[in-house]
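Presented below is the structure to which this report refers.
The values are calculated or read from the model by the stated rules, or taken from the named source; none is laboratory data. Everything quoted here is computed from the prediction, not taken from an experiment. Please note: Cβ atoms are built from the backbone with ideal geometry, for glycine as well, and neighbour counts cover all protein chains shown.
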Amino acid sequence: MPSRPTARSRAEGPALSEAEGPALSEVEGWLVLPAFAKINLSLELVGRRADGYWEIRTVYQSVTLHDRVRLRLVRRPAEIVVRVPGGGAPGGRANLVYRLLARARRALGVRQGVEVELEKNIPAGRGLGGGSSDAAAALAGWLRLTGEWLPEVELFRLGAAVGADVPFFFFRPHRRQHVVSQVAD
């Protein structure tokens, strides 16, 4: 069984470096972060795996189109609330934000509650990574709010558990990323 990631204080630095992490602002007690869309610059099918998944190689590029992720800690322990007031994505447990935050809280043993509101500008189901980007931004924001820290390998492991392209969104620059995607029959 893997060991529990160790917490790190804010004094030692945020989970994502200031240069690579998302810009943020505080508005009326909420931490507000952009969650940028991505486009696929290239996509290559490498081959079908024995488990029914396709292995692909792709090059992602982030773009300026973005959702807004608002977070705040709440006193109700063990509660994660995800709302999408304008629609455009499911709220609650069906949202990738909820699933990623629940996994991170379990990994770190944190019971502090969190409330998340998503302002959707990225169209759903168009391959732009809106849900994955929202989840990555929410985790980065939650780590900042709680003062917790996860090593990069753990961020990537948690992100990939909820979506193949989530790890890309922990850092914004253009880069090559090897992704495994499920076969759509």
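Points to keep in mind about this one:
- Of the residues examined, Arg57 is one that is in contact with a His (Cβ under 8 Å, 6 or more places away or on another chain), at negative phi and not hydrophobic (A, V, I, L, M, F, W, C).
- Taking each residue of region 45-62 that is more than 25 Å from Gly130 (Cβ to Cβ) and looking for partners that are outside any strand (DSSP E or B) with beta-carbon atoms closer than 6 Å, six or more apart or interchain, yields Gly52/Val183.
- Residue-level analysis places Val114 among those that are at pLDDT 85 or above and among the β-branched types (Val, Ile, Thr).
- Any chance Leu150 is closer than 16 Å to Phe170 by Cβ, at pLDDT 95 or above and touching a Leu at 6+ places or on another chain (Cβ under 7 Å): no
- Output for region 93-117, where each listed residue is of a type outside the set (A, V, I, L, M, F, W, C) and surrounded by 21 or more Cβ atoms within 10 Å (Cβ to Cβ): Asn95, Tyr98
- Set Arg72, Arg83, Arg99, Arg105: member being within 13 Å of Ser132 (Cα to Cα) and basic (Lys, Arg): Arg99
- For Leu73, the criteria (1) buried (at least 20 other Cβ atoms within 10 Å of the Cβ); (2) part of a strand (DSSP E or B); (3) of a type outside the set (D, E, K, R) hold in every case but one, which is (1).
- Condition met for Ser42 (over 19 Å from Ile122 (Cβ atoms) and of a type in the set (S, T, N, Q)): yes
- Qualifying residue in region 86-107 (condition: assigned to a loop (DSSP other than H, G, I, E, B), touching an Asp or Glu at 6+ places or on another chain (Cβ under 7 Å), modelled with pLDDT under 95 and not acidic (Asp, Glu)): yes
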